[in-house]
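Visitor: Below: one structure in structure tokens.
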Amino acid sequence: MFVFIRAITYALVFVSVVLVFLPARVLFWSGVTQPAAMGWPQIAGIAVCALGAAVALWCVLCFVWIGKGTPAPFDPSRRLVVCGPYDYVRNPMYIGAAVAVAGAALYFESVALLVFVAAFLGMAHLFVTLYEEPTLRRMFGADYESYYRRVHRWLPGRAAAAHPHPVNR
């Protein structure tokens, strides 16, 4: 239960800063305000935002129940998580977060927020390639290498059935 509380706390801090505070600043600095009426962009934006948030939450729960840890780099998962959304793409949490902000961009009809999404994904890519992947290789060795070869970093797809998942250790 303590792992769950830690994971939710870290997720709330991440969401509060990266997915609420910073996008709100981008909207403020770009002069974007609340839409005057609720039209199809707002309805679609809410749906896209909810989808992204659901994927990110699913990832956090996978880290807690399967990985026995949190998504935070300073309090990492104890087991390699390769199922759930991780069965389709190696970085679904970043993708879910980006989709959620893209939904907000659609809601507010804001190009500035789309630029923020692109910058976020660029920073995530650097973090993944320079820190996460080398760390996962050190922590999980051959299991991670097998997973790395089967599942794409950013483009979702089903992992090859001919290569079963490594055992979560």
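None of the figures in this text is laboratory data; all of them are computed from the coordinates on show. Worth saying up front: this structure is predicted, and the values here are computed from it rather than measured. Cβ atoms come from the backbone with ideal geometry, glycine included; neighbour counts cover every protein chain shown.
Visitor: Using a Gaussian network model on the chain with a 10 Å cutoff between Cα atoms, which of Gly103, Gly122, Gly31 fluctuates the most?
Guide: Evaluated over the chain, the most mobile residue of the options is Gly31.
Visitor: Using a/c under 1.5 as the rounded threshold, could you call region 1-57 rounded, prolate or oblate? The axes a ≥ b ≥ c are square roots of the C-alpha gyration tensor eigenvalues, and prolate needs a/b larger than b/c, oblate otherwise.
Guide: oblate
Visitor: Residue by residue through region 10-23, which ³J(HN,Hα) values in whole Hz follow from phi under the Karplus form 6.51 cos²θ - 1.76 cosθ + 1.60 (θ = phi - 60°), with glycine and proline marked x?
Guide: Once θ is set to phi - 60°, the couplings for region 10-23 become 4, 5, 5, 5, 4, 4, 4, 7, 7, 9, 10, 4, 4, x Hz.
Visitor: Between Leu113, Leu155, Leu51, where does the largest GNM mean-square fluctuation fall for the chain, given springs only between Cα atoms within less than 10 Å?
Guide: It is Leu155.
Visitor: Stretched out fully, how many nm does the piece from Leu130 to Val20 gain, at 0.36 nm a residue minus the Cα gap?
Guide: Gain in length upon complete extension: 37.0 nm.
Visitor: Treating only the Cβ of Lys, Arg, Asp and Glu as charged (+1, +1, -1, -1), what charge dipole size does the chain show about its Cα centre? Round to the nearest 20 debye.
Guide: Using Cβ point charges on Lys, Arg, Asp and Glu, the chain gives about 480 debye.
Visitor: State, as an integer percentage, the relative contact order of the chain based on alpha-carbon contacts under 8 Å between residues 6 or more apart.
Guide: Computed over the chain, the figure is 27 percent.
Visitor: Take Leu136, Leu57 and order them by how many other Cβ atoms sit within 10 Å, fewest up front.
Guide: Going from sparsest to densest Cβ surroundings: Leu57, Leu136.
Visitor: What ranking do Trp40, Trp154 get, fewest neighbouring Cβ atoms within 10 angstrom at the top?
Guide: In order of increasing Cβ crowding within 10 Å: Trp40, Trp154.
Visitor: While we're here: Using the 10 angstrom Cβ neighbour count as an exposure proxy, how do Ser30, Ser77 rank, fewest first?
Guide: Ser30, Ser77
Visitor: Sticking with this one: Mind checking which of Ala100, Ala72, Ala53 has the largest fluctuation in a GNM of the chain, springs on alpha carbons under 10 Å?
Guide: So, out of Ala100, Ala72, Ala53, the one fluctuating most is Ala72.
Visitor: For Trp58 paired with His152, estimate the spin-label separation in nm (one decimal), with each label point 7 Å from Cα along the Cα-to-Cβ line.
Guide: According to this spin-label approximation, the distance is 1.7 nm.
Visitor: Another one. Radius of gyration and Dmax for region 2-150's Cα atoms, expressed in Å?
Guide: Rg then Dmax for region 2-150, in Å: 16.5, 54.
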